[in-house]
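J.: Got a structure here, written out as structure tokens. Questions coming.
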Amino acid sequence: MKRRSLLGMGPAAVALAALGLAGCTRPIYNVSQHPFMQPGTIANRTAQIQQAAAGLGWETQVVRPGVIRATLHLRTHVAVTEITYNEQVFSIIYVDSTNLDYDGTSIHKNYNGWIQNLERAISVQPTA
């Protein structure tokens, strides 16, 4: 039986291989203006976000009032986000990543799950 290399199989095989790799990425999920469930001050929101993030393994750093940088380290992967917030709403925006196949619009599918979990955790975290 003859062995075939990927290049020897022609453009169709190369296209299929590329589609297989692309299947691991999804359009990036950002959170925009998600409302908090309970009333609170900026100080309450800062504590609420930090507690929710810490519970999921995220490290947080307050950049300034209303802005937190959150970083998640999982094995060889790193995700960095910026969480902006006021008394009523919060947003989670992609900043940077390592080993998550980010190409400007798409990222490894697990990233979106991590962001959705963080969004949910912040939403249900009691006001501090």
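J.: So if each residue of separation counts as 0.36 nm, and I subtract the Cα-Cα distance between Gln51 and Arg75, what length gain in nm does that give?
T.: That pair, Gln51 and Arg75, stretches by 6.4 nm at full extension.
J.: How large are Rg and Dmax for the range 27-124 when calculated on the C-alpha trace, in angstrom?
T.: For the range 27-124, the Cα-based Rg and Dmax read 12.8, 38 Å.
J.: Going by average Cβ density within 10 Å per residue, which order do the peptides 70-79, 44-53 take, highest to lowest?
T.: Top of the packing list down: 44-53, 70-79.
Each reported figure results from applying straightforward, stated rules to the coordinates on display, with no laboratory input. Everything numeric here is computed off the predicted structure, so don't read it as measured data. Positions of Cβ are generated from backbone atoms using ideal geometry, with glycine treated the same way; all protein chains shown enter the neighbour counts.
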